[in-house]
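Note sheet for the following structure.
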Amino acid sequence: MFCLELPIFLREHFNGAYRVEVYYLSKQLAELPIFLILPVIFSSIVYWMVGLNSEFERFLICTLIILTLTQVVVGWGYFLSCAAGKVDVRSAGMVVFAFFWCCSFAAILVLVAESAVVAAAAAVGRHCFCCCYCCC
């Protein structure tokens, strides 16, 4: 990742080719299509497969949160890659951040789907009541 590019970056930076901010922003912009398309595909599949709230506005909010979270995780990945020069430390750090990303995604799904869960629980409650009423 970034550590592989570090010697070239340092040489070009100290020669006055560009500043750190310019390099980081250009790297983010170059990788932006990947980090936009894949989360949108992921959320499009998972959101509807799980059966969350069928309002399109809620889907867009969920997708926007996932996109924002993806950009934050990419930034933290760059930070870890620079802070830890060894591959073993980076791999362990990526596992930790993947865990936090999954937990954050689960929290997002819960927040977005709160009304869908309440409606589903009410429907199940009515269904179970109807079954119990019919059976008893």
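Every number in this text was worked out from the coordinates using simple rules, so none of it is lab data. Here the structure is a predicted model, which means the values were calculated and not measured. Quick reminder, even Gly has a Cβ in these numbers, built from the backbone with ideal geometry, and neighbours come from all protein chains shown.
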Restrict the search to segment 18-62; then list the trypsin sites (Lys or Arg not before Pro) that DSSP places in a loop and that have at most 12 other Cβ atoms within 10 Å of their Cβ. R19
Relative to the present Cα-Cα distance, how much length would full extension add between T68 and R19 at 0.36 nm per residue of separation? 15.1 nm
Can you work out ³J(HN,Hα) from phi for every residue in segment 36-42, in order, using Karplus 6.51 cos²θ - 1.76 cosθ + 1.60 and θ = phi - 60°, giving whole Hz and x for Gly and Pro? 9, 5, 5, x, 5, 5, 4
I8 to F35: extension gain in nm, 0.36 nm per residue of separation minus the Cα-Cα distance? 7.3 nm
Report the gain in length on full extension from F42 to L60: 0.36 nm times residue separation, minus Cα-Cα distance, nm rounded to one decimal. 5.2 nm
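For a quick check of your reading of the filter: which chymotrypsin sites (Phe, Trp or Tyr not before Pro) in segment 4-35 sit in a DSSP loop and have no more than 15 other Cβ atoms within 10 Å?
Here the chymotrypsin sites (Phe, Trp or Tyr not before Pro) that fit, given the DSSP loop and packing criteria, are Y18.
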Filtered GluC sites (Glu not before Pro), segment 1-82: DSSP coil and at most 14 other beta carbons within 10 Å: E55
